[in-house]
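Contents: one structure, followed by commentary.
Nothing in this text is a laboratory measurement; each read-out follows from the coordinates by a stated rule. Keep in mind that this is a model prediction, so the values were computed, not measured. Note that we place each Cβ from the backbone using ideal geometry, even for glycine, and neighbour counts take in every protein chain shown.
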Amino acid sequence: MCDGDAKTGIADAIVKDVEYLSGLQKRLESARDVVIIGGGFIGIEFADEINKAGDKNVSIVEILSHCLALAYDQEFCIEMEKVLASRGINICTSSKVASIAGNGKVEKVVLADGTEIKADVVILGIGAVANVDVAKKAGLRIGLTGGIAVDRTMQTSDKHIYACGDCAEKISFFGGRPSPLKLASIATLEARIAGANLFGIRRENAGTVGVWSTAVGDHALATAGLTEEMAREQGYNVVVVAIAGPNRHPGTMPGAAHTKVKLVFERNSGVILGGQAMGDPAAGEVINAISACVQSRMTAEDIAMFQIGTHPALTASPIVYHMVNAAEMAIQKMCN
Ligand SMILES: Cc1cc2nc3c(=O)[nH]c(=O)nc-3n(C[C@H](O)[C@H](O)[C@H](O)COP(=O)(O)OP(=O)(O)OC[C@H]3O[C@@H](n4cnc5c(N)ncnc54)[C@H](O)[C@@H]3O)c2cc1C
């Protein structure tokens, strides 16, 4: 993050320090033009929070064609961009930052096409890397993505040292290749594995499924496992179903929110590879249920056979329950 520091203007790491962050908050109070570089979940949440002050021009600059494109299929990204735009946030996608310019302090962000965006605070929501200085000094092996190399028990190249969290190298649940994901939920899982194994090896890490949510106002977007695009890129033969409808029954019940669930299955085995959910904050728990299905390698048939609990004021109707109906439709598609 960079708050226009007089000397360099750029902090070289995510500074998790109350004093530093209080300084940033104070600086933001007097700021008029704020530019966030990077439209991932951290970037859009920063943008929305800063925009809530109501007296600033907040812009997000994203190099990909959509914000959140590394985590969601395009249709979900577009929906979230509409929400951000409706709240007054300026979104510049397919835009590469060429420089951050100013005289002694930040004054503008210059894009590769020459566009200049006025800025008195710039926040970088990009490029998080593992902090492995101590591990390097200790002579530990470093993995391909720059994290401390660990085996499935979270043991490093020194059998007396375990590593977990953002500093540890991750592998994907799908195929076992290195994964760049860094999340608190992954860190805590790894901590439960490493902690248990300190007393005798008994837990192994199956790899990172990749499940997380983001929220802008009451609008939540959540993902688990592979998106349709990722699955196709990785060579899976997929069956994809999206179901949309209210999460109460009838849909006119107070508190009902339009909810969309998309599930991605491998065609031949019927195994679920991933899912995405969009709707009110309940989407954050819907995705955890989907993640459990992915981690258990459930099939569409398993999900279609779920014994679900429903209530008019709490859930979707049992006859149009998103996950179950998506699985039923996927089974039909697999038969064709
Ligand atoms: C803005 C933001 C929002 C996020 N939102 C989410 C979210 O919604 N959901 C989610 O799952 N994840 C989220 N994350 C990611 C999440 O914060 C991290 O994955 C998580 O904090 C990693 O935990 P950790 O314990 O590995 O590292 P950290 O939380 O970074 O803790 C490491 C600690 O070690 C200290 N330290 C470092 N070096 C040394 C040293 N040499 N000696 C002593 N202490 C040292 C650091 O100061 C720090 O306090 C977010 C991250 C950011 C930046």
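Between Ile308 and His258, the contour length at 0.36 nm per residue exceeds the Cα-Cα span by 16.1 nm. Taking chymotrypsin sites (Phe, Trp or Tyr not before Pro) across region 133-211, the ones in a DSSP loop with at most 11 further Cβ atoms lying within 10 angstrom of their Cβ are Phe199. Neighbours of Ala304, meaning other residues whose beta-carbon lies under 14 angstrom from its beta-carbon, give a summed charge of -2 when Lys and Arg score +1 and Asp and Glu score -1. Each of Val122, Gly38, Ile89 was placed along the dipole of region 18-124 (beta-carbon charges, centred on the mean Cα), and the one lying farthest toward the positive end is Val122. Assuming R0 = 45 Å, what is the FRET efficiency of Asp55 and Ala128, from their Cβ-Cβ distance, to the nearest 0.05? Working from the Cβ atoms, E equals 0.95.
Could you tell me which residue out of Gly270, Met329, Ala163 lies farthest along the dipole of the chain toward its positive end? Charges go on the beta carbon: Lys and Arg +1, Asp and Glu -1, centred on the Cα centre. Sorting the options by dipole projection puts first Ala163.
Think of it as helices only: each DSSP H run of n ≥ 4 in the chain is worth -39500 (n - 2.57), and spread over all residues that comes to -8500 deg cm²/dmol at 222 nm. Positive end of the dipole of the chain (Cβ unit charges, origin at the Cα centre): among Leu221, Pro180, Gly251, the Cα lying farthest that way belongs to Pro180.
I'd like the distance between the alpha-carbon centres of region 210-275 and region 167-203, rounded to an integer number of Å. Comparing the Cα centres of region 210-275 and region 167-203, I get a distance of 25 Å. A cut-off under 9 angstrom between Cβ atoms defines the neighbours of His219, and their net charge, with Lys, Arg +1 and Asp, Glu -1, is -3. The mean sequence separation of alpha-carbon pairs under 8 Å and at least six residues apart, normalised by the residue count of the chain, gives a relative contact order of 12 percent. Within the listed set Arg202, Arg297, Arg248, the Gaussian network model of the chain (springs between alpha-carbon atoms below 10 Å) gives the highest mean-square fluctuation for Arg202. About its Cα centre, the dipole of region 133-197 is roughly 80 debye, where the only charges are +1 on Lys and Arg Cβ and -1 on Asp and Glu Cβ. Once a ≥ b ≥ c are taken as the square roots of the eigenvalues of the Cα gyration tensor of region 18-124, is the result rounded (a/c under 1.5), prolate (a/b larger than b/c) or oblate (a/b not larger than b/c)? It is oblate, given that a/c is not under 1.5 and a/b is not larger than b/c.
Specify whether the C-alpha gyration tensor of the chain places it in the rounded, prolate or oblate class, a ≥ b ≥ c being the square roots of the eigenvalues: rounded for a/c under 1.5, otherwise prolate if a/b is larger than b/c and oblate if not. Oblate is the answer for the chain, as a/c is 1.5 or above yet b/c matches or exceeds a/b. In a reduced charge model with +1 at each Lys and Arg Cβ and -1 at each Asp and Glu Cβ, the chain shows a dipole moment near 580 debye about its Cα centre.
Between Arg27 and Glu204, the contour length at 0.36 nm per residue exceeds the Cα-Cα span by 59.2 nm.
Taking amide H positions as placed in the peptide plane 1.01 Å from N, state which residues far from Ala98 in sequence (5 or more) or on other chains have amide H under 5 Å from it. When sequence neighbours closer than 5 places are left aside, the close amide H contacts are Val110, Leu111, Ala112.
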